Amino acid sequence: MENLIKFGTSGFRGVIADSFTFKTLAATVHAIADYVHAHPVNNPPRIMVGYDPRFMGDVFAGRVAEELNTLGIDVLLTDRDTPTPVISFYVIKHGLDGAVNITASHNPPVYTGIKFTPSWGGPAMLEETKQIEALANHYLESSLFQQSAGGKGATMTVDPMPEYIDDLEDKIDFKAITKANLKVAIDPMHGAGRGYLKSICEIHGIKHVLIHEGKDAYFGGSAPDPEGTNLDGLRKLMQDDGTIALGMATDGDADRFGIVDRNGRPVLPGYVLSVLSEYILTTRDFKGGIGRSVATTHLIDRVARQHKRELYETPVGFKHIGKLLSEGKIFFGGEESGGLSIAGHVPEKDGIIAGLLVLEAVAETNKSVSFLLEDIYKMVGTLYDERRDVQLDDAALAKAKELISTPSMLIDTLRPLSVDRTDGLRLLLEGGSWVLLRLSGTEPVMRIYAEGRKQTEAEQYIAMTMDVLDHA
């Protein structure tokens with residue numbers, strides 16, 4: 001039988017009532033319970049269970065809690081939909097054995113998923129998810145999980161928001177933000193981040209306006225992904241108002257960020273990461289290097305070299321950066337899809353702290369994000385990002401896999417200096433430019449990334465790659 005339960009870069013995701021059912025949920029939960037019992041921190045084990053605002057999220061989470069209780073595991077069930085980084089924070093602070101989160105993050109509303117966070121607080125690593133995936137599919141095929149284990153675990157409801165918000169006091173310079181007297185716009189995209197940035201602004205007297213703050217399982221009819229046209233509402237709000245210094249958005253489970261600059265123009269995540277890497281280096285006394293995924297701008301590399309800090313390159317998936325943070329090797333890490341975290345925080349991407357760090361940088365320097373980026377260009381030279389997502393049917397997927405595994409046509413077209421297969425296929429070109437082809441771990445999509453010394457150069461690389469794909 002083909003595996004129905006497949007863990008991608010960040011958990012198991014599927015279309016509700018198709019691959020994600022009560023049956024696949026139960027099999028996965030039993031596999032996670034086995035893993036937790038084999039790696040206990042507490043006796044009995046204690047696991048947090050949370051969910052995002054998707055259809056039946058609270059029902060699925062309640063079922064998870066019941067299943068874990070029958071397997072002898074105590075559960076701390078969130079009292080409402082809760083951001084992934086907040087769950088990670090709570091696991092670490094309270095020494096839990098891990099967490100199960102019902103979320104599909106930024107995926108379209110028809111999806112939901114199950115994400116396991118181990119006791120160290122970051123996303124589960126590949127060796128962990130492989131074990132859980134294999135065991136879950138074994139349970140699914142044999143139906144052994146349908147037999148109750150007769151455990152005696154208990155469930156209690158918790159609200160992690162106050163503790164998480166209070167913890168940010170030591171990580172963000174709210175005095176500088178308040179002193180700057182800026183006005184900000186907040187767009188949680190109807191996701192689990194609802195109320196978090198709003199409450200923080202209210203606590204510190206930060207002027208703010210809100211959109212998409214209400215709970216909506218359909219996220220307004222689009223994927224809750226803070227990029228591209230999904231930021232149009234925030235852009236229009238800022239352009240119409242004219243007094244807003246910064247727009248901050250978070251995705252469905254608030255682990256990804258979106259930033260809109262003072263002029264109402266979205267800022268690509270790679271540029272945000274570059275600006276913050278420089279800002280944090282000059283305002284914090286952190287030790288260690290900087291981490292980035294293979295798909296993320298090499299501007300960060302140049303900033304690291306400028307400050308004589310080591311640069312760690314990882315495959316796509318924040319778990320790799322989270323592990324570097326937890327090991328103390330880096331003080332800052334991020335990935336091009338809009339994820340980052342810092343030393344002393346959670347080893348999980350956090351869209352809430354990301355927005356606050358950008359707000360602090362803008363407040364402290366009295367410069368827009370665009371001006372801060374220009375400062376970096378003056379310091380280390382220019383690089384410009386471009387990305388194209390290609391939706392794939394079965395035939396197109398086969399063609400994409402063939403192009404990545406046997407890229408002779410692409411090599412003949414782009415003539416790279418070298419080829420790298422850290423994750424997908426990356427062609428390193430002259431002058432620090434590069435092109436990366438990579439299949440998504442959570443969607444039927446091939447992502448094409450390019451970076452060039454000029455914006456037109458990056459766009460040209462994307463066009464050339466698309467042309468090869470069309471004729472492959």
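Just so you know, all these numbers are worked out from the coordinates, no wet-lab data involved. Quantities reported herein were computed from a predicted structural model and do not represent experimental measurements. So basically every Cβ, Gly included, is an ideal-geometry build from the backbone, and we count neighbours across all protein chains shown.
Key figures for this structure:
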{"item": "Alpha-carbon centroid distance for the pair the stretch 68-134 / the stretch 337-353, whole angstrom", "result": "16"}
{"item": "Cross-link pairs beyond the 27 Å C-alpha cut-off, checked among Lys175/Lys287; Lys308/Lys401; Lys175/Lys319; Lys6/Lys401; Lys93/Lys115", "result": "Lys308/Lys401; Lys175/Lys319"}
{"item": "Dimensions in Å of the stretch 384-471 - Rg and Dmax from alpha carbons", "result": "12.1, 36"}
{"item": "Rounded FRET efficiency, nearest 0.05, which uses the C-beta distance separating His37 from Glu66 and R0 of 25 Å", "result": "0.90"}
{"item": "The stretch 345-402 - convex hull of alpha carbons, volume per residue in Å³", "result": "185"}
{"item": "Point-charge dipole on Cβ atoms (K/R +1, D/E -1) for the chain, about Cα centre, debye to 20", "result": "720"}
{"item": "The stretch 7-161, dipole about Cα centre (Lys/Arg Cβ +1, Asp/Glu Cβ -1), debye to the nearest 20", "result": "80"}
{"item": "Estimated inter-spin distance, Thr229 and Asn366, nm [label 7 Å along Cα→Cβ]", "result": "4.1"}
{"item": "Value at 222 nm in deg cm²/dmol, rounded to 500, when DSSP H runs of n ≥ 4 in the chain each add -39,500 (n - 2.57)", "result": "-12000 deg cm²/dmol"}
{"item": "Alpha-carbon centroid distance for the pair the stretch 364-399 / the stretch 314-330, whole angstrom", "result": "21"}
{"item": "Most to least packed among 12-20, 254-262, 51-59 [average Cβ atoms within 10 Å]", "result": "254-262, 51-59, 12-20"}
{"item": "Rule-of-thumb Rg ratio for the stretch 232-307 [Cα; 2.2 N^0.38 Å; N residues]", "result": "1.28"}
{"item": "Mean Cβ neighbour count within 10 Å, used as a protection proxy, ranking 423-433, 112-122, 183-193 highest first", "result": "183-193, 112-122, 423-433"}
{"item": "At q = 0.08, 0.12, 0.15, 0.19 Å⁻¹, base-10 log of I(q)/I(0) for the stretch 182-380 (Debye sum, equal scatterers on each alpha carbon)", "result": "-0.24, -0.55, -0.86, -1.34"}
{"item": "Estimated dipole of the stretch 384-471 in Debye, rounded to 20 [Cβ of Lys and Arg +1, of Asp and Glu -1, Cα centre]", "result": "200"}
{"item": "Packing rank of 314-323, 168-177, where each peptide gets the mean count of other beta carbons within 10 Å, highest leading", "result": "314-323, 168-177"}
{"item": "Extension gain, Glu127 back to Glu402 (0.36 nm per residue minus Cα-Cα distance, nm)", "result": "96.4 nm"}
{"item": "Efficiency of FRET between Val419 and Glu327 - r from beta-carbon atoms, R0 35 angstrom, step 0.05", "result": "0.75"}
{"item": "Glu430-Glu169 FRET efficiency (beta carbon distance; Förster radius 51 Å; 0.05 resolution)", "result": "0.60"}
